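The numbers here are math on the coordinates, done by the rules we state, and not lab data. Here the structure is a predicted model, which means the values were calculated and not measured. With ideal geometry, Cβ positions are generated from the backbone for all residues, glycine too; neighbour counts draw on all protein chains shown.
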Amino acid sequence: MLIPDNLLYTKDHEWAKIEGDNARLGITDFAQSSLGDITFIDLPKIGANVKQSDLYATVESVKAASDVYAPLSGEVLKVNDELVNHPELVNKSPYESGWFSIIKISDATEKNKLMTPAQYKGYVEGLSK
Amino acid sequence: MEDNTALAATPLIDKHKNLGAKLAPFGGWLMPIQYSGIIEEHNWTRTNAGLFDICHMGEFTIEADLSKSNLDDLVTVNLKSLPEGTCRYGFMLNEQGGIIDDLIVYRISQFQWMVVVNAATTNSDEEHMRKYLNGATRLENISTFLGKLDLQGPESGNVLRRLVNEDIQLKYYTFGYFTLLGEKIIISRTGYTGELGYELYMPNKNILQLWDRVLADKLVKPVGLGARDTLRLEIGYSLYGQDIDQNTSPLEAGLEYFIDWDKEFIGKAALKKEKQEGLPRRMICFVSGSRRSPRHNYHIVHQGEDVGSVTSGSFSPSLGVGIGMGYVSREVKVGELVDLVEGLVSINAKVVNKPFYKNGSVKCERAKNAYTG
């Protein structure tokens, strides 16, 4: 299970990468592996304001549709258009080419509510016991 | 993790674990859902051959003299006219015409039949049959003794020929006896995928060896229940407990083809009445205009009105779009548009005839490489 050192995590298996005033968002290796083959992703619109812990995207696998919650609040600056025709990128590369969106962070203190890589690792290990 | 200790497991459970399968409960059993991935397993079955552990399904042998037994009333299949060496799909109905189970009946000999039923309904089926059958009938539940593997895909005939060292000349919905691993086994030309395929019945004590032997063929990969579901849905086959159940009739489900009106059976009067009065609802099939897929229980909206709900829905690996089926309470014709709605999600879809996937090899007499493989 890949858990990169430079990201922050939620208990719903989303990640956030802080890039200056912005954050790049996606779902974790654990999430893609649990979902199986991802077949469709409904991404937020550019300009939309997302709120931490609120529903902001939907991921469909062959078997089911799952909700994705925003790790941080902010305005959506960019979404990964590649995922429209190639949602399987999230399976192949959840932290790189399978990113979901980039937001402009509206409240930097929210970062404190996210898990560090070590915390997330412990959390995931607890789930699979 | 979920507590799976209350679940039954097939003799192959450790094989699945060693293959790295994801396991999940299905019909009271802990079953492999996927090995390498649903889409890969699905595509492999459509192009080569997939091997499925189907040991969870129930089997009964029934001995009866039909001049004295009331066995024939239990099913919609005509047991009298079913020739030896052939099998047929049909139903066991309740008095209201609802489906107690869908099943396949095999005519073993003049006085003997084998009935193959769903895993989750095996015990209730047995109860129903024992309650109804008279003394001139001997019913035996052989589910714990008999194992079942499905081998499905355009290459399945070639694979089997290499295994049993003889040509498998079975027409669709016939079966025969073959020797494998020193054991006489039943192979039937049947399946649930829309591909050329076979179902292999053999005692559980040999099933581990059989599994290994079949999997040793380079063209065979293990396939889990995830791909079994997408494969069957692409053909428009119903799944018991999801598309059909005690409260749906074969007529509503669009399965009248499997009803033999020339014989008597429990539920016949109710079906006749339903036919005369008109069906309260009927099954339709639909294709989404995108990769977004309808799911179980999504509302079916036709011309702005909620007219029913989705029973099965999934992404179709072969077609690259969402597909599904469900019951509607008014006539919705092929070619018409419906919306499949749940919360904020609304999927545009078009009503189509089944099968969704039309290039299956199921009716091919043999795979194209039969003499070169």
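Tabulated data
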quantity: Filtered trypsin sites (Lys or Arg not before Pro), the stretch B:305-367: DSSP coil and at most 14 other beta carbons within 10 Å; calculated: B:Arg330, B:Lys333, B:Lys358, B:Lys363
quantity: Those trypsin sites (Lys or Arg not before Pro) in the stretch B:2-77 that DSSP places in a loop and that have at most 12 other beta carbons within 10 Å; calculated: B:Lys68
quantity: Formal net charge of residues neighbouring B:Leu200 (Cβ-Cβ distance under 13 Å; K, R +1; D, E -1); calculated: -1
quantity: For the stretch A:1-117, alpha-carbon Rg over 2.2 N^0.38 Å; calculated: 0.95
quantity: Which of B:Arg232, B:Arg107 has the fewest Cβ neighbours within 10 Å, and the rest in rising order; calculated: B:Arg232, B:Arg107
quantity: Highest-fluctuation residue, A:Val84, A:Val59, A:Val68 considered, GNM on chain A with Cα pairs under 10 Å; calculated: A:Val84
quantity: Residue list for the stretch B:247-285, given a label point 7 angstrom along the Cα-to-Cβ vector of B:Glu331 and an amide N cut-off under 19 Å; calculated: B:251-256, B:274-285
quantity: Distant alpha-carbon pairs in the stretch B:210-344 (separation over 17 angstrom), percent; calculated: 65 percent
quantity: Dipole moment magnitude, nearest 20 debye, the stretch B:1-140 about Cα centre, only Lys, Arg, Asp, Glu C-beta charged; calculated: 260 debye
quantity: Spatial separation of Cα centroids for the stretch B:109-157 and the stretch B:53-89, in angstrom; calculated: 8 Å
quantity: Additional length obtainable on full extension of the chain from B:Val352 to B:Leu208, 0.36 nm per residue less Cα span; calculated: 47.7 nm
quantity: GNM flexibility winner over chain A from A:Ser73, A:Ser93, A:Ser101 (Cα, springs under 10 Å); calculated: A:Ser93
quantity: Net charge, A:Asp42 excluded, C-beta distance under 9 Å - Lys, Arg +1, Asp, Glu -1; calculated: 0
quantity: nm² value of the averaged projected area, convex hull over the Cα atoms of chain B; calculated: 19.3 nm²
quantity: Relative packing of B:217-224, B:272-279, which averages over residues the other C-beta atoms within 10 Å, highest first; calculated: B:217-224, B:272-279
quantity: 14 Å beta-carbon shell around A:Ala57, net charge (K/R +1, D/E -1); calculated: -2
quantity: Choice from B:Gly313, B:Gly37, B:Gly343 showing the highest fluctuation, given a GNM over chain B with Cα pairs closer than 10 Å; calculated: B:Gly343
quantity: Cα-Cα separations in the protein assembly as shown greater than 32 Å, expressed as whole percent; calculated: 49 percent
